[in-house]
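Have a look at the structure below before the remarks.
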Amino acid sequence: MSIQSNTNLENNSVGWRFDNSYARLPETFYARIHPVPVQAPRVAILNYTLAESLGLNLRTLGEDEAAQLFSGNLLPHAAQPIAQAYAGHQFGNFTMLGDGRAILVGEHLTPDGGRVDIQLKGSGRTPFSRRGDGRAALAPMLREYIISEAMHALGIPSTRSLAVVTTGEIVMRETPLPGAILTRVAASHIRVGTFEYVVRSEGVEGVKILADYTIQRHYPELIEVDNPYLALLNSVIARQASLVARWMLAGFIHGVMNTDNMAISGETIDYGPCAFMDAFDPQTVFSSIDYHGRYRYDNQSRIAQWDLARFAETLLPLLHAEQEKALALAQAAIQDFPDIFQRCWLNGMRKKLGLFTEEAEDGLLIEALLTLMHKHQADYTNSFRALSAAYLPENSLFKDDAFAAWQTQWRARLSRQSASLQASFDLMCANNPAVLPRNHRVEEALAAASDHGDYAVLARLLAAVSEPYAELPEYAAYRAPPTACERVRQTFCGT
Ligand code: AMP
Ligand code: MG
């Protein structure tokens, strides 16, 4: 089947239930536009498990029909495709952006009463493409697929990936690369940058419409409170604090925490040069374009706070009629961020160390362990997992008297809680992943798929990272840190 313009799916055996609420917002919030059809789409990967949880049955589709659907050549019947307008601070500088290579096909209602955006990424030029071609290359789309699905399996809020299709077209980057389209599933694509766009283009009336919409969609419990906009700000702050803490607990570095890549829903979004760190070093940077380490591992909470301040600015006129009072409210909310973040992080770290109770010195105990890991260039994931594996005979993790002393302290700390050692052990195993999509494994899977059309390596990696807390013998190879020559030092955003 070859398609020159988009057509609509004749039947709905897949089970789409669209209700496109964003497309009912003011016309200035988006552009109505169709995906640009592609030459010869082919399925690279379909996420049947995710589809089922969304109430979609992909098994009714033939290979070709699935490829046409997830390339945007064929649209679900009730689709109302739009490209969303947004802005953003990129590396601190403000820019007008928008979906330059993505189309929101529609919002699907799930069997459990949820609502998700179905978005095609790499779907062709839009009014927001600026100088870009609107397309995406296969490897970065598969990268987003792997890491987003791994994040979900780890229990970290994230957008999901439903499909990747190749387009049969070449995209020109530094070299010619196979083109691809990712189908992204998200709670929504409302970003801090969406608010930044609307406040500049529509003023306070526009922000009120967007804020009311956001509250209804993501924070309905706030509809009736006294100052819903201040409550919205506080809730977004709380969700981001929790999210960034969870990234850091898992050793994850997002890599491009621009305000357009911060979702108001609290999901991790826009997987570019992101990566999990192997050896623990708080200064780790992977992104090839992050020259000054703005988005390095240990800067992520500060940057989240900076981004949230940009969000707060857009809400100012809604927070209080008097400018000074509005500013004071916003500042107080933003100043709370470090404490909220620290609490989330500390509680997560306690679980990683098998602690059910809180003691004032816990922070010091944790810092001392991280200092030892850094000194020994220890693998972050495996060190925690090794601690959970048993109660470690003296000195088995690091040959270091300081570690022996630390271990004595930790054991004493464990014995001061009423929970059994077995309960601590179970808590640690549920909070210290054994398998993550390590960079060298991701690169290996992407090279096999992108260079050789071999998807078996990718399938094995996906199977391994979908059960991150199980220490299954068949995935032992995925737990090994990279050797010196396997180590990946830089990642690329692939736009
Ligand atoms: P990202 O780096 O993916 O977060 O994208 C930042 C901005 O650049 C967004 O507005 C994207 O839509 C846009 N963009 C990225 N790649 C392309 C491309 N190949 N063509 C058009 N716009 C793009
Ligand atoms: Mg982005």
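The values are calculated or read from the model by the stated rules, or taken from the named source; none is laboratory data. Only a predicted model underlies this, so the values are computations on that prediction, with no experimental measurement involved. Every residue, glycine as well, gets a Cβ built from its backbone with ideal geometry; the counts of neighbours run over all protein chains shown.
Report the residue count in segment 213-227 for those that are surrounded by 17 or more Cβ atoms within 10 Å (Cβ to Cβ) and either part of a helix (DSSP H, G or I) or among the β-branched types (Val, Ile, Thr) (or both).
Total meeting the criteria: 6.
Looking for whichever is hydroxyl-bearing (Ser, Thr, Tyr) and surrounded by 23 or more Cβ atoms within 10 Å (Cβ to Cβ) here; the options are Thr284, Thr259. Which one fits?
After applying the criteria, what remains is Thr259.
Going residue by residue through segment 76-98, is there one that turns out to be within 16 Å of ligand 2 (Cβ to nearest atom) and within 16 Å of Val38 (Cα to Cα)?
no
Can you tell me which residue is nearest to ligand 2 (Cβ to nearest atom) among those in segment 264-298 that are charged (D, E, K, R) and touching a strand residue (DSSP E or B) at 6+ places or on another chain (Cβ under 6 Å)?
Among those that are charged (D, E, K, R) and touching a strand residue (DSSP E or B) at 6+ places or on another chain (Cβ under 6 Å), it is Glu267.
Out of Leu243, Leu210, Leu230, Leu182, which single residue is over 30 Å from Ala321 (Cβ atoms), touching a residue at least 24 places away in the same chain (Cβ under 8 Å) and part of a helix (DSSP H, G or I)?
On inspection, the qualifying residue turns out to be Leu243.
Are any residues in segment 60-81 buried (at least 22 other Cβ atoms within 10 Å of the Cβ) and on the phi < 0 side of the Ramachandran plot, and if so, which ones?
Of everything in segment 60-81, those that are buried (at least 22 other Cβ atoms within 10 Å of the Cβ) and on the phi < 0 side of the Ramachandran plot turn out to be Ala67, Gln68, Leu69, Phe70, Ser71, Asn73, Leu74, Leu75, Ala79, Pro81.
Where in segment 284-366 are there helices (runs of 4 or more DSSP H), lying fully within it, with 2 or more residues that are within 30 Å of Cys493 (Cβ to Cβ)?
300-319, 337-352
Could you tell me which residue of segment 269-281 is surrounded by the most Cβ atoms within 10 Å (Cβ to Cβ), considering only residues that are aromatic (Phe, Trp, Tyr) and out of contact with any His (no Cβ under 7 Å at 6 or more places or on another chain)? Let's see the steps before the verdict.
First, the residues of segment 269-281 that are aromatic (Phe, Trp, Tyr): 271, 276, 280.
From what is left, the residues that are out of contact with any His (no Cβ under 7 Å at 6 or more places or on another chain) are 271, 276.
Details: Tyr271: 27, Phe276: 23.
The extreme case among them is Tyr271.
Restricting the first residue to segment 255-283 and requiring it to be at positive phi and among the charged types (D, E, K, R), which pairs with a second residue that is within 15 Å of ligand 1 (Cβ to nearest atom) and in a helix (DSSP H, G or I) meet a Cβ separation below 8 Å and a spacing of at least six or different chains?
Within 8 Å, the pairs are Asp270/Asp260; Asp270/Asn261.
Can you tell me which residue within segment 481-495, out of those that are in contact (Cβ under 8 Å) with a residue 24 or more places away in the chain and hydrophobic (A, V, I, L, M, F, W, C), is farthest from ligand 1 (Cβ to nearest atom)? Full working, then the answer.
Within segment 481-495, the first condition is being in contact (Cβ under 8 Å) with a residue 24 or more places away in the chain, and the residues that meet it are 481-482, 486-495.
Among the residues that remain, those that are also hydrophobic (A, V, I, L, M, F, W, C) are: 488, 492-493.
Values: Val488: 20, Phe492: 11, Cys493: 5 Å.
Ranking the candidates gives Val488 first.
Can you name the residue in segment 59-74 that is in contact with a Leu (Cβ under 7 Å, 6 or more places away or on another chain) and closer than 24 Å to Ala137 by Cβ and is also nearest to ligand 1 (Cβ to nearest atom) among such residues?
Gly72
I'm checking my understanding of the structure. Among residues of segment 471-495 that are exposed (fewer than 13 other Cβ atoms within 10 Å of the Cβ) and outside any helix (DSSP H, G or I), which one is modelled with the lowest pLDDT?
Ranking the candidates gives Arg489 first.
Among the residues of segment 223-255, what is the count of those that are among the hydrophobic types (A, V, I, L, M, F, W, C), farther than 19 Å from Gln305 by Cβ and in contact with a Phe, Trp or Tyr (Cβ under 9 Å, 6 or more places away or on another chain)?
Qualifying residue count for the region: 1.
Please enumerate the residues belonging to segment 126-140 that are within 16 Å of ligand 2 (Cβ to nearest atom), in contact (Cβ under 8 Å) with a residue 60 or more places away in the chain and under 19 Å from Ser71 (Cβ atoms).
Thr126, Gly132, Gly134, Ala136, Ala137, Pro140
Considering each of Ser235, Ser265 in turn, give the residue that is outside any loop (DSSP other than H, G, I, E, B), hydroxyl-bearing (Ser, Thr, Tyr) and either more than 16 Å from ligand 1 (Cβ to nearest atom) or crowded, with 23+ Cβ neighbours inside 10 Å (or both).
Exactly one of Ser235, Ser265 is outside any loop (DSSP other than H, G, I, E, B), hydroxyl-bearing (Ser, Thr, Tyr) and either more than 16 Å from ligand 1 (Cβ to nearest atom) or crowded, with 23+ Cβ neighbours inside 10 Å (or both), namely Ser235.
Here are Glu196, Glu174, Glu224, Glu144: which of them is on the phi < 0 side of the Ramachandran plot, more than 16 Å from ligand 1 (Cβ to nearest atom) and of a type in the set (Asp, Glu)?
Glu224
May I ask you to list pairs of residues, at least six apart or on different chains, whose Cβ atoms are under 6 Å apart, with the first in segment 108-125 being among the basic types (Lys, Arg) and the second being surrounded by 16 or more Cβ atoms within 10 Å (Cβ to Cβ) and not in a strand (DSSP E or B)?
Arg125/Gly134
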